[in-house]
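Presented below is the structure to which this report refers.
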Amino acid sequence: MEPSHDTDALAALGTEFTGTAPNAVIALKGDASDRRIYRLVYSSQSLIGVVGPNVAENRAFIGFARSFRAAGLHVPEVYRVSEHEQAYLQEDLGDALFSDWQRTHTTAEGVDGEAMALYGIVLQELLRFQHDAASAVDYSLCYQTREFSTEAMLFDIRYFRDNFLARLAEVPWDERRFMADCNLLVEMLCREPRNGFLYRDFQSRNVMLRDGTPWFIDFQSGRKGAPQYDLASMLYDSKGGLTTAQRETLIDQYIAGLRSRYDVDEVVFRRRFAGFAVLRLMQALGAFANLGLNKGKPTYLEFIPSRLSTMREVVSSAVILDEVPYLRGLLLRCGDGGDSE
């Protein structure tokens with residue numbers, strides 16, 4: 001579907017759903033994906049219209065949304081899907097992003113008490129996605145891979161290698177030694193059970209606030225995976241203002257929530273959490289480099305210095321990296337170029 005046809009297609013879906021044509025179809029600011037998002041405005045309500053060229057991605061979002069909705073999770077309701085499955089209508093959750101809200105609750109000393117409380121709620125909701133609703137998900141809808149296992153992790157590492165290390169890193173590096181250590185890191189991380197749902201992109205800009213309550217979007221890249229990855233995605237979000245002590249408090253709260261569901265070896269969990277945090281930060285750096293250098297979105301390059309500083313912080317204390325010394329040293333050298341958080 002061509003962009004010029006978006007509004008006509010969505011207006012037709014809106015008319016089918018409501019019985020009347022929308023007063024306006026307004027383009028909203030897009031994200032890093034190829035999807036195009038609009039607001040359909042009526043006299044007494046509004047809807048969100050999405051046009052996505054990747055039908056498999058659309059099917060994943062729609063199917064997951066319906067499963068999560070049925071399980072009582074706060075996700076938008078999907079109202080209508082076009083015959084060709086490249087456009088759909090969903091519930092309008094408003095414009096309040098957690099990422100924007102938290103910036104107004106952040107100082108040089110970290111986030112305030114209200115933000116910490118909301119982070120705690122968001123992480124308890126994450127547990128509901130990962131564990132309580134995991135069995136309701138149709139994993140055949142996963143459009144990239146059904147499981148975040150060896151090959152998927154190595155894909156992210158190669159993404160970091162090709163987009164960041166090869167093009168932006170200002171330090172010398174040896175590809176053979178880098179990949180050897182990365183393979184060993186992945187082997188260690190794959191020892192973590194992957195029985196739950198991995199949200200995959202669990203970050204503050206994918207959490208919306210409606211009347212102060214968190215609602216969740218952009219889970220279409222989900223698959224089975226280890227819980228530490230999503231936790232790291234939120235706690236080391238490029239938009240966040242958490243201090244190290246605040247992250248530790250939130251990890252404690254999250255582990256307590258896990259323990260209410262199954263037995264947890266906290267030492268092992270934390271050791272692997274640091275490894276997944278490193279993996280997530282490598283993925284983010286690769287993504288920001290790709291978007292900035294290849295996709296014509298240079299503002300994403302501005303996020304790289306803070307991610308390098310965070311990488312330095314994580315790597316310097318990650319016990320799991322004791323077994324991959326070349327990787328640790330390389331990431332620390334890259335991190336030395338990042339600004340302090």
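How about segment 269-305: which of its residues are among the polar types (S, T, N, Q) and surrounded by 19 or more Cβ atoms within 10 Å (Cβ to Cβ)?
Matches in segment 269-305: 283, 290.
Do you know which of the residues in segment 43-64 that are within 16 Å of residue 139 (Cβ to Cβ) and touching a residue at least 40 places away in the same chain (Cβ under 8 Å) is surrounded by the most Cβ atoms within 10 Å (Cβ to Cβ)?
Once the filter is applied, the top-ranked residue is 64.
Based on this model, can you work out whether residue 126 counts as under 27 Å from residue 79 (Cα atoms), assigned to a loop (DSSP other than H, G, I, E, B) and touching a Phe, Trp or Tyr at 6+ places or on another chain (Cβ under 8 Å)?
Judged against the criteria, residue 126 is not a match.
Would you confirm whether or not segment 148-168 contains a residue that is touching a strand residue (DSSP E or B) at 6+ places or on another chain (Cβ under 7 Å), in a loop (DSSP other than H, G, I, E, B) and at pLDDT 95 or above?
yes
Do the conditions hold for residue 40, that is, is it surrounded by 15 or more Cβ atoms within 10 Å (Cβ to Cβ) and part of a loop (DSSP other than H, G, I, E, B)?
no
Test residue 69 against the criterion of being assigned to a strand (DSSP E or B) and open to solvent by 40 Å² or more (accessible area, probe 1.4 Å), and give yes or no.
Taking the combined requirement at face value, the residue does not satisfy it.
Which of the residues spanning segment 181-205 are assigned to a helix (DSSP H, G or I) and buried (at least 17 other Cβ atoms within 10 Å of the Cβ)?
If the condition is that a residue be assigned to a helix (DSSP H, G or I) and buried (at least 17 other Cβ atoms within 10 Å of the Cβ), then 181, 182, 185, 186, 189, 204, 205 are the ones that fit.
For segment 13-32, what are the residues that are at pLDDT below 95, open to solvent by 50 Å² or more (accessible area, probe 1.4 Å) and out of contact with any strand residue (DSSP E or B) (no Cβ under 9 Å at 6 or more places or on another chain)?
Hits for segment 13-32: nothing passes.
Kindly list the number of the only condition in (1) modelled with pLDDT of 95 or more; (2) surrounded by 13 or more Cβ atoms within 10 Å (Cβ to Cβ) that fails for residue 35.
Failed condition: (1).
Cβ-Cβ below 8 Å, separation at least six or inter-chain, first residue in segment 239-250 and farther than 16 Å from residue 99 by Cβ, second open to solvent by 60 Å² or more (accessible area, probe 1.4 Å): which pairs?
243/109
Name the pairs: first residue in segment 72-90 and closer than 15 Å to residue 220 by Cβ, second residue hydroxyl-bearing (Ser, Thr, Tyr) and part of a strand (DSSP E or B), Cβ to Cβ under 7 Å, at least 6 apart or on different chains?
Between residues of segment 72-90 that are closer than 15 Å to residue 220 by Cβ and residues that are hydroxyl-bearing (Ser, Thr, Tyr) and part of a strand (DSSP E or B), the close pairs are 78/88; 81/88; 90/79.
Filter segment 133-142 down to the residues that are farther than 18 Å from residue 233 by Cβ and not in a loop (DSSP other than H, G, I, E, B), then identify the one that is most open to solvent (accessible area, probe 1.4 Å).
135
Conditions (1) among the acidic types (Asp, Glu); (2) open to solvent by 30 Å² or more (accessible area, probe 1.4 Å); (3) within 19 Å of residue 280 (Cα to Cα), marked per residue:
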| site | (1), (2), (3) |
| --- | --- |
| 109 | yes, yes, no |
| 115 | no, no, no |
| 118 | no, no, no |
| 123 | no, no, yes |
| 131 | no, yes, no |
| 144 | no, yes, yes |
| 152 | no, no, yes |
| 155 | no, yes, yes |
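Among the residues of segment 306-325, write down those that are over 21 Å from the mean Cα position of the chain (by Cα), open to solvent by 30 Å² or more (accessible area, probe 1.4 Å) and in contact (Cβ under 8 Å) with a residue 40 or more places away in the chain.
317, 319, 323, 325, listed by residue number.
Within segment 95-104, track down each residue that is open to solvent by less than 30 Å² (accessible area, probe 1.4 Å) and among the small types (Gly, Ala, Ser).
If the condition is that a residue be open to solvent by less than 30 Å² (accessible area, probe 1.4 Å) and among the small types (Gly, Ala, Ser), then 99 is the only one that fits.
Return yes when residue 212 is crowded, with 19+ Cβ neighbours inside 10 Å, of a type outside the set (S, T, N, Q) and either closer than 27 Å to residue 326 by Cβ or out of contact with any strand residue (DSSP E or B) (no Cβ under 6 Å at 6 or more places or on another chain) (or both) and no when it is not.
no
The values are calculated or read from the model by the stated rules, or taken from the named source; none is laboratory data. All values derive from a computational prediction rather than experimental measurement. Every residue, glycine among them, receives a Cβ derived from its backbone with ideal geometry; neighbour counts consider all protein chains shown. In case anyone asks, the SASA skips ligands and DNA or RNA and just uses the protein heavy atoms, side chains included. Shrake-Rupley method; radii C 1.70, N 1.55, O 1.52, S 1.80 Å.
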